[in-house]
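Undergrad: Have a look at this one.
The values are calculated or read from the model by the stated rules, or taken from the named source; none is laboratory data. Values in this document were obtained by computation on a predicted structure and should not be read as measured data. No Cβ is skipped: glycine too gets one built from the backbone with ideal geometry, and neighbour counts run over all protein chains shown. Only protein heavy atoms, including side chains, enter the accessible area calculation; ligands, DNA and RNA are left aside. Shrake-Rupley method; radii C 1.70, N 1.55, O 1.52, S 1.80 Å.
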Amino acid sequence: AHADEIKSGKSLVKIVIAEHLKDTQVESKQEEFSKFKKLSNKLSGVITTNYDLLIDNALTSFTSYCGQDELLFNSAFNVAEIYHIHGSISKPETLVLTSDDYASFEEKQDYLAAKLLTIFVEYPIVFIGYSLQDPNIISLGESRLAHLRNRFIFVTRGEDSIGTHSISFGSKGNVEMTKVSTDNFGAIYEAISNTKITYSPKVLRELRKSIYEIS
């Protein structure tokens, strides 16, 4: 089925992984996920390291970007968009998978960090199912994160509570942010859905796109 792609030098392993993940479904937490799917008019965007298209299929009005090159070199407008920063199965060649892929990823990491920082300055960020020890976050640096910490909310599963979470920079110190623990992410999604906004993310994206094209 993929003979031509393989003959052209594309990775068989990445093609097989893409095939394996293409029918990814939510097998548990159905109620939570149904609430997430209602957030297309509330979320400004999603940044994910996941390869699959689960989020894309939930937020169908959003524009998706796969890999660092698409994110950095296309006209992204930072609203109503999904960023697959480790690639997507929609384009198997973009998957950050092998040691060579990670080495290439790290070479461009400064550009990605600058892009993430731009997004973090504009919007509050809710981290769900994502380790704040990830190099993508650590690379932003202690001073930058400290300045933005009031915009960060770290959500993890556990007994209902609100506290703080720290990112360690070794001898340089720590950056603390709000931590929310809950076994029901649906409550988080409901809180986001109750946010009052003047314009939907899709409308804002179209406005930004129009301004960009005029200028």
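Undergrad: In contact (Cβ under 8 Å) with a residue 60 or more places away in the chain, among the hydroxyl-bearing types (Ser, Thr, Tyr) and open to solvent by less than 80 Å² (accessible area, probe 1.4 Å): is that true of Ser44 in this structure? It would help to see each step written out before you state the result.
TA: Values: in contact (Cβ under 8 Å) with a residue 60 or more places away in the chain: yes; among the hydroxyl-bearing types (Ser, Thr, Tyr): yes; open to solvent by less than 80 Å² (accessible area, probe 1.4 Å): yes.
When the stated conditions are applied, Ser44 passes them.
Undergrad: Open to solvent by less than 30 Å² (accessible area, probe 1.4 Å), β-branched (Val, Ile, Thr) and assigned to a helix (DSSP H, G or I): is that true of Ile137 in this structure?
TA: Working: open to solvent by less than 30 Å² (accessible area, probe 1.4 Å): yes; β-branched (Val, Ile, Thr): yes; assigned to a helix (DSSP H, G or I): yes.
So Ile137 fits the description; yes.
Undergrad: Using the structure shown, decide if Phe120 is assigned to a helix (DSSP H, G or I), closer than 29 Å to Asn150 by Cα and at pLDDT below 90.
TA: Values: assigned to a helix (DSSP H, G or I): yes; closer than 29 Å to Asn150 by Cα: yes; at pLDDT below 90: yes.
Yes; evaluated as a whole, the condition is true for this residue.
Undergrad: I want to confirm something. Restricting to the stretch 153-174 and keeping residues that are at pLDDT below 90 and assigned to a strand (DSSP E or B), which single residue is farthest from the chain's Cα centre (by Cα)? Please lay out each step first, then the result.
TA: Filtering the stretch 153-174 down to residues at pLDDT below 90 leaves 165-174.
Next, from what is left, pick out any that are assigned to a strand (DSSP E or B): 165-168, 174.
On the way: His165: 20, Ser166: 20, Ile167: 19, Ser168: 22, Asn174: 23 Å.
This residue is Asn174.
Undergrad: Look at the stretch 153-170 and say how many of its residues are open to solvent by 90 Å² or more (accessible area, probe 1.4 Å) and more than 23 Å from Tyr123 (Cβ to Cβ).
TA: Count: 3.
Undergrad: Could you tell me whether the stretch 88-104 includes any residue that is closer than 30 Å to Ala191 by Cα, in contact with a strand residue (DSSP E or B) (Cβ under 6 Å, 6 or more places away or on another chain) and at pLDDT 95 or above? Walk me through how you get there before you give the answer.
TA: Kept after step one, since they are closer than 30 Å to Ala191 by Cα, are these residues of the stretch 88-104: 88.
In the following step, the residues that additionally are in contact with a strand residue (DSSP E or B) (Cβ under 6 Å, 6 or more places away or on another chain) were identified as 88.
Checking the rest, the ones that are also at pLDDT 95 or above come to 88.
The answer is yes; a qualifying residue exists.
For (1) charged (D, E, K, R); (2) under 19 Å from Ala114 (Cβ atoms); (3) without any contact (Cβ under 8 Å) to a residue 40 or more places away in the chain; (4) surrounded by 19 or more Cβ atoms within 10 Å (Cβ to Cβ), each residue gets a yes or a no:
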residue	(1), (2), (3), (4)
Gln25	no, no, yes, no
Ser28	no, no, yes, no
Phe33	no, no, yes, no
Ser40	no, no, no, no
Leu54	no, no, yes, no
Ala58	no, no, yes, no
Leu71	no, yes, no, yes
Asn74	no, yes, yes, no
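Undergrad: Out of Gly186, Gly173, report the one residue that is within 30 Å of Phe33 (Cα to Cα), open to solvent by less than 30 Å² (accessible area, probe 1.4 Å) and among the small types (Gly, Ala, Ser).
TA: On the way: Gly173 fails: within 30 Å of Phe33 (Cα to Cα).
Of the residues listed, the single one that is within 30 Å of Phe33 (Cα to Cα), open to solvent by less than 30 Å² (accessible area, probe 1.4 Å) and among the small types (Gly, Ala, Ser) is Gly186.
Undergrad: Under 7 Å by Cβ, and 6 or more places apart or on different chains, what pairs join a residue from the stretch 101-120 that is over 17 Å from Gly45 (Cα atoms) with one that is modelled with pLDDT under 85?
TA: Final answer for the pair search is Gln109/Ser139; Tyr111/Leu72.
Table: residues versus (1) part of a loop (DSSP other than H, G, I, E, B); (2) out of contact with any Cys (no Cβ under 7 Å at 6 or more places or on another chain); (3) closer than 22 Å to Tyr83 by Cβ.
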site: Phe127; (1), (2), (3): no, yes, yes
site: Arg144; (1), (2), (3): no, yes, yes
site: Glu176; (1), (2), (3): no, yes, no
site: Val180; (1), (2), (3): no, yes, no
site: Asp183; (1), (2), (3): yes, yes, no
site: Ala187; (1), (2), (3): no, yes, no
site: Glu190; (1), (2), (3): no, yes, no
site: Leu207; (1), (2), (3): no, yes, yes
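For (1) closer than 23 Å to Asp100 by Cβ; (2) part of a loop (DSSP other than H, G, I, E, B); (3) touching a Phe, Trp or Tyr at 6+ places or on another chain (Cβ under 7 Å); (4) at pLDDT below 95, each residue gets a yes or a no:
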residue: Glu5; (1), (2), (3), (4): yes, no, no, yes
residue: Gln25; (1), (2), (3), (4): no, yes, no, yes
residue: Lys38; (1), (2), (3), (4): no, no, no, yes
residue: Lys42; (1), (2), (3), (4): no, yes, no, yes
residue: Asn57; (1), (2), (3), (4): no, no, no, yes
residue: Thr60; (1), (2), (3), (4): no, yes, no, yes
residue: Leu72; (1), (2), (3), (4): yes, no, yes, yes
